[in-house]
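Engineer: Dropping a structure here in structure tokens format, bear with me for questions.
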Amino acid sequence: MEVVIQPDAAAVAVFGADIIDRLISTKPGAVLGLATGSSPLGVYDELIRRCVASTLSFEDATAFLLDEYIGLPPGHPASYRVFIEQHFTGRVDIDASHVHVPDGAADDIVAACHDYEQRIRDAGGIDLQLLGIGADGHVGFNEPTSSLASRTRVKTLTPQTRSDNARFFDNPDEVPHHVVTQGIGTILEARHLLLIANGASKAGAIAKAVEGPVTSMCPASAIQLHPHVTVVIDEAAAAELTLAEYYRDTFAGKPLWQSS
Ligand code: F6R
């Protein structure tokens, strides 16, 4: 695992965008795993800027979202399908038919979850999975005690996550209780995990995910089981890391031959 501590959220965004830019430049048809929420927004803005400047193109890329709410009417502004269109996919040149979102409105949600897993397999698997992290250590919507082998399925949000996400809704009571999310097992099959976090509210979760025991009580700690993980965080999110100095030194002295 590589832990990269950047001075601020703006630098985190550029560093994260550089990683995706390098992937798309070497593999234009790459399969991206996308996260929603606030954490990746800076990365998306930077990628949009590069796309508008015609230095980067997503026209051959495919994308799979991590998760979606269950029970929101189609087109609801807080649905992750609308969110990702507004904040990323609708503002770059990716083909809209190549953007896959778990179906939170399916009549048969279980079948839709199996179908989502199959679509990821049919696309050749995810090359790079962008991740945020919840204050309780969730990734995707895999809340604490999620099986570390889980696949795409229905989960129930914790009161903390519902309250954290209430800012995206007019009324906090509107935040759904249920979601569809890629499982931890699904996420771990992506070839590269890129976890982004900013701010003091994420410091505890980052310390547990990176340095704590691998435990379903902190689902993000499962990233320790993956052979290619890049954690890009600002100083505030790094505040509780025991080995922060080691990560800074390692990054500063990184040999040119070592890949990102
Ligand atoms: C969203 C997702 C969630 C968020 C997490 C952090 O697709 O998968 O795990 O990444 O809830 O949310 P923010 O970034 O809003 O703090």
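Engineer: Among 1-8, 91-98, 151-158, how do they line up by average Cβ neighbours within 10 Å per residue, starting with the highest?
Structural biologist: Details: 1-8: 16.8, 91-98: 14.2, 151-158: 19.2.
Per-residue mean Cβ counts within 10 Å order the peptides as 151-158, 1-8, 91-98.
Engineer: Taking 0.36 nm per residue of sequence separation and subtracting the Cα-Cα distance, how much length would be gained by fully extending the chain between Ala53 and Ser38, in nm to one decimal? Numbers along the way, then the final one.
Structural biologist: Numbers: separation 15, 0.36 × 15 = 5.40 nm, distance 2.37 nm.
Extra length from Ala53 to Ser38 when fully extended: 3.0 nm.
Engineer: For the chain, modelled as a Gaussian network with Cα springs under 10 Å, which listed residue fluctuates most, Cys218, Cys51, Cys113?
Structural biologist: Cys51
Engineer: Using Cα centres only, tell me the gap between segment 128-177 and segment 60-74 in whole Å.
Structural biologist: 14
Engineer: Calculate how many DSSP beta bridges within the chain are antiparallel, expressed in % of all such bridges and rounded to the nearest 5.
Structural biologist: 30
Engineer: Given points 7 Å out from each Cα along the Cα-Cβ axis, report the Asp8 to Thr145 separation in nanometres with one decimal.
Structural biologist: 4.2
Engineer: Something else now. Which residue fluctuates most in the GNM of the chain (Cα springs below 10 Å): Leu130, Leu72, Leu194?
Structural biologist: Highest fluctuation among the options: Leu72.
Engineer: In nm, give the distance between the simple-model label positions of Ala96 and His177, each being 7 Å from the Cα along the Cα-to-Cβ direction.
Structural biologist: Spacing of the two 7 Å Cα→Cβ label points: 3.4 nm.
Engineer: Taking a label point 7 Å from the Cα of Tyr246 along the Cα→Cβ vector, which residues of segment 181-211 have an amide N closer than 17 Å to it?
Structural biologist: Correct set: 206-211.
Engineer: How big is the gap, in Å, between the Cα center of segment 223-260 and the Cα center of segment 6-41?
Structural biologist: 16
Engineer: Given the rule -39500 (n - 2.57) for each run of at least 4 DSSP H residues, summed and divided by the residues of the chain, what is its mean residue ellipticity at 222 nm, to the nearest 500 deg cm²/dmol?
Structural biologist: -9500 deg cm²/dmol
Engineer: Excluding same-chain residues fewer than 8 positions from Lys208, which lysines have a Cα within less than 27 Å of its Cα?
Structural biologist: In chain and number order, the partners are Lys155, Lys254.
Laboratory data are not the source of any read-out in this text; all were calculated from the coordinates shown. Remember, predicted model here, so these are calculated numbers, not experimental data. As a convention, Cβ positions derive from the backbone with ideal geometry for all residues, glycine included, and neighbour counts pool all protein chains shown.
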